[in-house]
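Following: one structure in C-alpha cells, then a few remarks.
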Amino acid sequence: MRIGVLRETLPGERRVPLTPEGARLLAAHNHVVFIETGLGLGAGFSDTEYLAAGAQIAYTSREVAAQVEVLVKVHPPRVEEIELLRPGTTLLAFLHLAGQPAALHQALVGARASTLSLELVQEGDEFPILEPLSAIGGRVAVTLAAWHLTIPGGGPGVLLGGSPGVPPAMVLVIGGGTAGRAAAAEASALGAQVVVLDRDPRQLQRVGREVGRSIVTGIASEYHIVRYLEQADVVIGAVAVRGEPAPKVLRRSHVRAMRDAALFIDMSIDEGGCAETSRPTTTDAPVYESEGVRHICIPNLPSQVARTASWVLGSSLLPYLDALGAGLPHALATNPALRRAVGFLDGRLVSRTLRRFIDVPYVALDEIVPVAEG
C-alpha cells in the first residue's frame, strides 16, 4: 500500500501522524511511505530521519496526493487539498465531519474519496487513537491555565495551588470523559481545588476511582453549573458527543455570571465549542475576552507538546494503517473499529449518524460492504 502524509496547514499545528519509527515499521511491512518535505520539523523530526527509515520525500502536497492510496493528516484538509486526491483515496484524520463546512463535504463527494475519522475509531468502549491525545490535551489545558493566571500570563496573579494561608484556585471541569479526567488529575496534582460536573453518573464514578476522592463531583444540572461557575477561577470545557457537534452547555448568560478575572478554556472547540461565546483561537493569539471572561479556544492543544503527542498518535495509529494494507473494503468488512469510523466511501456518505448533519446523498454501508461472516 502507498501511504502519504501531508504537512499540516492549521496555524500552530506541529504534530505529525507518522514518526520516522512509524515509517520504518510500515516499510518493513512492504508499505511505501511518501512524506511531504518538512513534515516533522515542528515535532523535531527531520527529512533525513524519514529517509533513513525508508520513506520517500515529496516536495509538494500535489506530488504526495498523486501517488498514494491512503492519505494521513492530523487535522481536516482544506478543500484545495481534497481536490488533489485521486478517486478512491482513503483519507485519515481527526475529521470531525459533522462540524465541517458544506464545501468540504461536497469536495469529498467530487473527489470520490473515502474517509476514516480517527476520533471515531472504537474498540469496545475505548477510543484508542483519540483518548491518549485527549488525555494529553487535558493536561496541557491545566498547564496553560496555571500560566494565564499569573501576571506575565495576563492573569490576576493567582497561584493555582495556593500557598500556606492562601486558598488554592478553584478549577471547574465540565465533562468527565478522558480529557476532563486528565485535566482534573493535573489540576489536583498542582494543588487546586477541583470540581467535575457531568450528566452521566458513571463518568463521575470513574472520576472518583481514577482521580481520587479529593475531587468534588456533581451532576451537570443548571443548579450545579451556576453554583460552581460563580466560584471558579478556571473553567475547562471538556464536553463531547461522539461524531456530533459539541452541545452548548454554557450559554452567554452563564459566562457573564463568572467571576472577575476568571479564565475559560474550551477543549471542545474542535467540535464547535461548548459555550455560546467560544470561537477558535491560535497559539500565536490564544486569548480573547467575551462577557468579561478571558477565553482560550485552541483547537490543537496537544500540539503544545508536539513531540510527545506525535509519538502517542503515531503508535496508536499504526495498527489501523497496517490493517488497510488489504484494501479498504476488506478492512471495513473485517475490522469493526474502522467500520465505526468510516464517513464517506468512494464519495458516498455511508455514516448513519452523519446523515443528520451532512446534506449529500446517503447510502447504507451494509448495502455496499457487508460485515464479513465469522
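The values are calculated or read from the model by the stated rules, or taken from the named source; none is laboratory data. Just so you know, these numbers come straight off a predicted model, no measurement behind them. Don't worry about glycine lacking a Cβ; one is built from the backbone with ideal geometry, like all the others, and counts go over all protein chains shown.
Descriptive notes on the structure:
- Within segment 25-45, restricting attention to residues that are within 26 Å of the chain's Cα centre (by Cα), part of a strand (DSSP E or B) and aliphatic (A, V, I, L, M), the residue that is nearest to A323 (Cα to Cα) is V33.
- Total residues in segment 318-348, condition aliphatic (A, V, I, L, M) and surrounded by fewer than 20 Cβ atoms within 10 Å (Cβ to Cβ): 4
- Options L301, L321; residue that is of a type outside the set (F, W, Y), under 14 Å from the mean Cα position of the chain (by Cα) and either assigned by TED's automatic domain parsing to the domain that holds E8 or modelled with pLDDT under 95 (or both): L301
- Among the residues of segment 343-350, none qualifies, meaning not one is aromatic (F, W, Y) and outside the structural domain of L25 (by TED's automatic domain parsing).
- Flag if L39 is in the same structural domain as L85 (by TED's automatic domain parsing), of a type in the set (A, V, I, L, M) and closer than 30 Å to I269 by Cβ: yes
- Condition met for A341 (under 25 Å from T89 (Cα atoms), over 22 Å from the mean Cα position of the chain (by Cα) and not acidic (D, E)): no
- Count - residues of segment 46-78 that are closer than 23 Å to G243 by Cα, modelled with pLDDT under 95 and either surrounded by 17 or more Cβ atoms within 10 Å (Cβ to Cβ) or over 26 Å from the mean Cα position of the chain (by Cα) (or both): 3
- Against the conditions (1) part of a loop (DSSP other than H, G, I, E, B); (2) closer than 26 Å to G237 by Cα; (3) of a type outside the set (K, R), V360 satisfies every one except (2).
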